[in-house]
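These notes are about the structure you will find just below.
The values are calculated or read from the model by the stated rules, or taken from the named source; none is laboratory data. Keep in mind that this is a model prediction, so the values were computed, not measured. So basically every Cβ, Gly included, is an ideal-geometry build from the backbone, and we count neighbours across all protein chains shown. Side chains included, ligands, DNA and RNA excluded: accessible areas come from the protein's heavy atoms. Shrake-Rupley method; radii C 1.70, N 1.55, O 1.52, S 1.80 Å.
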Amino acid sequence: MASLAGLFMFAIISIFLFRNNLSKQKANRLLQMQKEEIHAQRENIATAYDQLKSTQSQLIQSEKMASMGELASGIAHEIQNPLNFVNNFTQVSDEMVDEVLDEQGKSMEKRDEKLVQELLQDVKSNLQKIRKHGLQADAIVKNMLEHSKKGQGTRELNRSEFTRQWISENVLS
């Protein structure tokens with residue numbers, strides 16, 4: 001009887017250990033699947049992070065290019081104004097010189113010396129304005145070069161700040 005009881009206990013313990021082993025194997029398979037899922041999610045997160053960094057870098061580059069375009073537009077506008085004056089005064093002065101030459105081509109009796117003197121004074125005035133606006137364009141370029149040398153490693157002015165500063169330094173002074 002004792003051997004039968006021992007055999008019965010051995011069978012019960014074996015069944016218990018077998019079920020326990022099956023349960024552990026099932027838990028290990030589940031754990032392995034979860035581990036693989038976590039690994040896949042980690043790879044997805046790493047890929048998403050790399051894409052995010054790449055997109056962020058592209059966005060920063062786009063913003064830099066937009067800022068450069070805005071700055072270039074501001075500079076072009078600031079330089080275009082004095083150049084328009086130079087072109088306009090040059091054209092008007094050219095026409096005045098033609099009028100002076102026409103008057104000088106007339107005989108002394110028909111020539112209007114007062115008109116010639118007025119035209120020459122106007123040409124001289126226009127030349128002074130051309131010089132002033134040429135110097136203004138030159139100052140803009142020099143100021144930009146100075147800012148680019150100073151601006152390395154420091155905060156750069158945006159277009160409106162630069163324009164206000166430039167006007168206060170060069171036009172109002």
Please compute the length gained on full extension between Glu70 and Asn87, using 0.36 nm multiplied by the number of residues separating them and subtracting their Cα-Cα distance. 3.6 nm
Provide the per residue accessible area, probe 1.4 Å, for segment 19-149, rounded to a whole number of square angstrom. 79
Label assignment, Rg and Dmax of the Cα atoms in Å derived from the structure, set (i) 43.6, 160; (ii) 22.9, 79; (iii) 16.8, 53: (i)
Along the dipole axis of the chain (charges at Cβ: +1 for Lys and Arg, -1 for Asp and Glu; origin at the Cα centre), the most positive-end residue among Thr90, Gly6, Ile130 is Gly6
Enumerate the helices in the chain for which the Kyte-Doolittle hydropathy averages -0.5 or more and the C-alpha atoms extend at least 18 Å along the helix's axis, using complete DSSP H runs. 2-105
Can you compute the charge dipole magnitude of the chain about its Cα centre, using +1 on each Lys and Arg Cβ and -1 on each Asp and Glu Cβ, nothing else charged? Give it in debye, rounded to the nearest 20. 2000
Expressed as a whole percentage, what fraction of the accessible surface of the chain belongs to carbon and sulfur atoms when a 1.4 Å probe is rolled over the protein heavy atoms? 59
Just to compare against my own numbers: the Cα pair-distance distribution for segment 54-125, 10 Å bins, whole % per bin, please. 17, 24, 16, 13, 11, 9, 6, 2, 0
Cβ-based charge dipole, segment 2-97, positive-most Cα from Ile45, Asn28, Ala66: Asn28
Given that compact globular proteins tend to follow 2.2 N^0.38 Å, what is the ratio of the alpha-carbon Rg of segment 84-131 to that value? 1.22
